[in-house]
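Engineer: My questions all concern the structure below.
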Amino acid sequence: MTDHRIILFRGMNTGGVRAPVGEQRAMAEEMGLKNPRTLQASGNLVVESGKATTTLEGEIEAEMARRFGLKIAAMVRTPDQWAKLIAANPFPKEAAAHPAKVLAMVMKDGIRDGALEACRALAEGGERVEAAGDVLYFWFPNGQGQSAIFRKATPRLLGMGTGRNWNTVLKLADMAGAKVKA
């Protein structure tokens, strides 16, 4: 069965890691993935595929390395997994009022032991962090760019993951047809 897959690339088009969105879509088509669509130039790709998420992650990472010379982590989620990510948001009021200040960080291999507590220790100015499943949720009342957590937390501390603000989370849900409960 073919279904949508949401593909998140870590660090795409930042810090010298470049793969133009048109080339990402072309890569997906050449891999046999159907209807590839990108959202912004920050590593968001939605495709149609019947492949398991972990299989697709490995194939995409290998193709990114082959085609672009990039060692880049990919996190793949189904629309059902994405809808659950949205439903688990511990900051729904904040997300409704200030969606750009709520971040969902999707972790590739889970959240490292002690990461949640370490982030909480770094928090300043009303920042909060919670975890649900393999997602860390952040509330940055002063914006992500001003965040002590964002400046100091690293993959070594958290584990490998990539964050999307709540506006992007909802746009990806719409693109993938995720059934989000209102």
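The values are calculated or read from the model by the stated rules, or taken from the named source; none is laboratory data. A quick note: this is a predicted structure, and the numbers were derived from the prediction, not measured. Note that each Cβ is placed from the backbone with ideal geometry, even for glycine, and that neighbours are counted across all protein chains shown.
For (1) over 30 Å from T55 (Cα atoms); (2) crowded, with 17+ Cβ neighbours inside 10 Å; (3) at pLDDT 95 or above; (4) in contact with a strand residue (DSSP E or B) (Cβ under 8 Å, 6 or more places away or on another chain), each residue gets a yes or a no:
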position: L85; (1), (2), (3), (4): no, yes, yes, yes
position: P92; (1), (2), (3), (4): yes, no, yes, no
position: A104; (1), (2), (3), (4): no, yes, yes, yes
position: K108; (1), (2), (3), (4): no, yes, no, yes
position: A115; (1), (2), (3), (4): no, yes, no, yes
position: A131; (1), (2), (3), (4): no, yes, yes, yes
position: V135; (1), (2), (3), (4): no, yes, yes, yes
position: G177; (1), (2), (3), (4): no, no, no, yes
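Engineer: Of the numbered conditions (1) among the basic types (K, R); (2) within 30 Å of P141 (Cβ to Cβ); (3) within 17 Å of the chain's Cα centre (by Cα), R5 satisfies every one except a single condition; which is it?
Structural biologist: Against the list (1) among the basic types (K, R); (2) within 30 Å of P141 (Cβ to Cβ); (3) within 17 Å of the chain's Cα centre (by Cα), R5 comes up short only on (2).
Engineer: Out of the residues in segment 134-182 that are without any contact (Cβ under 8 Å) to a residue 24 or more places away in the chain and part of a helix (DSSP H, G or I), which is farthest from the chain's Cα centre (by Cα)?
Structural biologist: Result: Q146.
Engineer: While we're looking at this one, here's another question. Go through R18, R67, R77 for me and flag whichever is surrounded by 13 or more Cβ atoms within 10 Å (Cβ to Cβ) and either at pLDDT below 95 or at positive phi (or both).
Structural biologist: One residue alone meets the criteria, R67.
Engineer: Right, another one. With the requirement that a residue be crowded, with 19+ Cβ neighbours inside 10 Å and either among the basic types (K, R) or in contact with a Phe, Trp or Tyr (Cβ under 8 Å, 6 or more places away or on another chain) (or both), what does segment 140-162 give you?
Structural biologist: F140, S147, I149, T162
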